[in-house]
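K.L.:
One structure coming up, written as structure tokens, with questions to follow.
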């Protein structure tokens, strides 16, 4: 059961991620990014991180992607024109990709606990909102408050950046 | 289908996702797509964190991912605001058109 779900979700995740990068229509990119994020949320569920899966769908696939689509609408961007192919760049990226595809399995198998097998229902960490909430408001309390400040600063920054100067 | 699913599977998947995002950041010219690829990079890191936390039995990575998602939301909002501000002046979102510091 774990195998079936993992392989389907992994294939879906990688295919939609490639589509995000490869397609030239920005709306298609954004919609494929939504599907990537939903696949990732499903993978979080296979790892029994249920609260994070919910947050992923609500915050990422919901709020952040709506923001992207709003900006695409606002900017009225056209299909990106193909630029000059710079061969050194493409060769470099291709080389890195090939090396990484060869090296990744070796690298990750060198990781301690890499051979540990996934069995559902045997997670040592409960990923529910209750347990994460306990951690967030006790050990990570100051960090949580700082996040609030960060979001406030970001909000003010966005308002300042997008304001049109009426008097100038 | 290759036996049991292990932590290694998740790490390789996360690495592959990171590489796809990295290719997007390097190769694409539209700043919008570059920002979407940045989200892919963050998601790859999130996947690795949650997987390691799940297999090692420590809940702290999940808290880290929670914070990463928050910071990513702030980053997306600010980045898109900068993009809109640039677009008003330059009428383009192509990264290679932005070669000067002042307009």
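K.L.:
Given the conditions (1) at pLDDT below 90; (2) over 22 Å from the mean Cα position of the chain (by Cα), which single one is not true for residue A:145?
P.N.:
(1)
K.L.:
Return the residue satisfying two criteria in turn: it lies in the stretch B:15-46 and is crowded, with 24+ Cβ neighbours inside 10 Å and more than 27 Å from residue A:86 (Cα to Cα), and of such residues it is nearest to the other protein chains (Cβ to nearest Cβ).
P.N.:
Step by step, filter the stretch B:15-46, then rank; the result is B:43.
K.L.:
For the stretch B:26-49, name all the residues that are more than 27 Å from residue A:111 (Cα to Cα) and part of a helix (DSSP H, G or I).
P.N.:
Of everything in the stretch B:26-49, those that are more than 27 Å from residue A:111 (Cα to Cα) and part of a helix (DSSP H, G or I) turn out to be B:26, B:27, B:31, B:32, B:33, B:34, B:35, B:36.
K.L.:
Kindly list the number of the only condition in (1) over 25 Å from residue B:34 (Cβ atoms); (2) at the interface with chain B (Cβ under 7 Å from one of its Cβ atoms); (3) without any contact (Cβ under 8 Å) to a residue 12 or more places away in the chain that fails for residue A:45.
P.N.:
Against the list (1) over 25 Å from residue B:34 (Cβ atoms); (2) at the interface with chain B (Cβ under 7 Å from one of its Cβ atoms); (3) without any contact (Cβ under 8 Å) to a residue 12 or more places away in the chain, residue A:45 comes up short only on (2).
K.L.:
What's the number of the only condition in (1) closer than 21 Å to residue B:80 by Cα; (2) surrounded by fewer than 21 Cβ atoms within 10 Å (Cβ to Cβ); (3) within 7 Å of another protein chain (Cβ to nearest Cβ); (4) without any contact (Cβ under 8 Å) to a residue 12 or more places away in the chain that residue A:22 fails to meet?
P.N.:
Every condition holds for residue A:22 apart from (3).
K.L.:
Which ones in the stretch A:100-116 are more than 14 Å from residue B:48 (Cβ to Cβ) and either touching a residue at least 12 places away in the same chain (Cβ under 8 Å) or in a helix (DSSP H, G or I) (or both)?
P.N.:
Across the stretch A:100-116, the qualifying residues are A:100, A:101, A:102, A:103, A:105, A:106, A:109.
K.L.:
Taking the residues in the stretch A:129-159 that are in contact with a helix residue (DSSP H, G or I) (Cβ under 6 Å, 6 or more places away or on another chain) and more than 8 Å from every other protein chain (Cβ to nearest Cβ) as candidates, determine which candidate is farthest from residue A:1 (Cα to Cα).
P.N.:
It comes out as A:144.
K.L.:
Separate question: Of the residues in the stretch B:57-95, how many are at pLDDT below 90, at the interface with another protein chain (Cβ under 7 Å from one of its Cβ atoms) and closer than 19 Å to residue B:36 by Cα?
P.N.:
Qualifying residue count, the stretch B:57-95: 6.
K.L.:
On the basis of being surrounded by 15 or more Cβ atoms within 10 Å (Cβ to Cβ), more than 22 Å from the chain's Cα centre (by Cα), modelled with pLDDT of 80 or more and in a helix (DSSP H, G or I), does residue A:97 make the cut?
P.N.:
The answer is no for residue A:97.
K.L.:
Report yes if residue A:6 is within 8 Å of another protein chain (Cβ to nearest Cβ), at pLDDT below 90, touching a helix residue (DSSP H, G or I) at 6+ places or on another chain (Cβ under 7 Å) and in a helix (DSSP H, G or I), otherwise no.
P.N.:
Answer is yes for this residue.
K.L.:
Restricting to the stretch B:84-103, name every residue that is in contact (Cβ under 8 Å) with a residue 12 or more places away in the chain and either under 25 Å from the mean Cα position of the chain (by Cα) or over 14 Å from residue B:32 (Cβ atoms) (or both).
P.N.:
Listed by number, the residues that qualify are B:86, B:89, B:93, B:94, B:95, B:96, B:98, B:103.
The values are calculated or read from the model by the stated rules, or taken from the named source; none is laboratory data. Keep in mind that what you see is a predicted model, and the values were worked out from it rather than measured. Every residue, glycine among them, receives a Cβ derived from its backbone with ideal geometry; neighbour counts consider all protein chains shown.
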